[in-house]
Amino acid sequence: MSRYARTHETLRTAALEMFAAQGYDATTTAAVAERAGVSEMTLFRHFATKEALLLEDAFDPAVAAAVRARPPQEHPMRAAAEGIRTVWRQLPEDQVESVRERIRIIAGAKGLHGAIERNSRATVDALVGALCERGTARTEARVVASALVAGLSVALLDWAGGGTAEAVAPGAAGLRDVLDRVLDTLGGGR
């Protein structure tokens, strides 16, 4: 792992620990940088904003690529659902609890509501772009992408907060189960 990658991960870990302990809104970027042992300027070289410490990930480009790789004759909803499923299933087991904690923090942070909306819009846009490249009409692509992002948001918030009425297995198995249920519902099953 490069020095840049180590610093990036150290910053994200320090931020996650501090956000979990004292809340997102009460944690400053200066405090995160200090905990990580770097300057605040270094933090901003890695993450453009405080929100990016929680919201920045490689999900959108990975999902768009997975959707583009689906069979061309596949229905747009199925292609998008299966593309999302493919990417989420690649999440390493040792990162599942970190994702859960990030979602819990995001859900409870009043200061993130606008950023969450922008992040969701970016995910919808990435899905729309991939679906349109496959030949899906723009309006249909927006409907598919919006429905999937809304469904995923509900499922992930329930999983992270323990808000599901059904029993959910811990770790990656629980995450896969929740995602499979919402993607099967929206994508018409496998």
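Taking 0.36 nm per residue of separation and subtracting the current Cα-Cα distance, fully stretching the chain between residue 56 and residue 93 would add 11.4 nm. Of the listed values (i) 22.9; (ii) 11.3; (iii) 10.5, grab the one calculated as mean projected area of the Cα convex hull in nm² from the structure here. The value computed from this structure is option (ii). At 20 Å minimum axial length over the Cα atoms and a Kyte-Doolittle cut of 0.0, report the qualifying DSSP H helices in the chain, or say none. The answer, listed by residue number, is 113-133, 138-161, 171-187. Among 68-74, 41-47, the peptide with the highest mean count of other Cβ atoms within 10 Å heads the list, and the full ranking is 41-47, 68-74. How high is the FRET efficiency from residue 73 to residue 101, r the C-beta distance, R0 41 Å, rounded to 0.05? Rounded to the nearest 0.05, the efficiency is 0.55. You can think of it this way: the chain between residue 157 and residue 118 has 12.3 nm of extra reach, that is 0.36 nm per residue less the Cα-Cα gap. Put a dot 7 Å past the Cα of residue 20, heading toward its Cβ, do the same for residue 39, and the two dots end up 3.0 nm apart. Between the beta carbons of residue 3 and residue 185, assuming R0 = 45 Å, the FRET efficiency works out to 0.50 to the nearest 0.05.
About its Cα centre, the chain has a charge dipole of approximately 380 debye under the convention of +1 per Lys or Arg Cβ and -1 per Asp or Glu Cβ, with nothing else charged. The calculated P(r) of region 3-53, using every Cα pair and 5 Å bins from 0, goes 5, 25, 38, 24, 7, 1 in percent.
Every number in this text was worked out from the coordinates using simple rules, so none of it is lab data. The model shown is predicted, which means the values in this text are computed figures rather than measured ones. In this analysis, Cβ positions are derived from the backbone assuming ideal geometry, glycine residues included, and neighbour counts consider all displayed protein chains.
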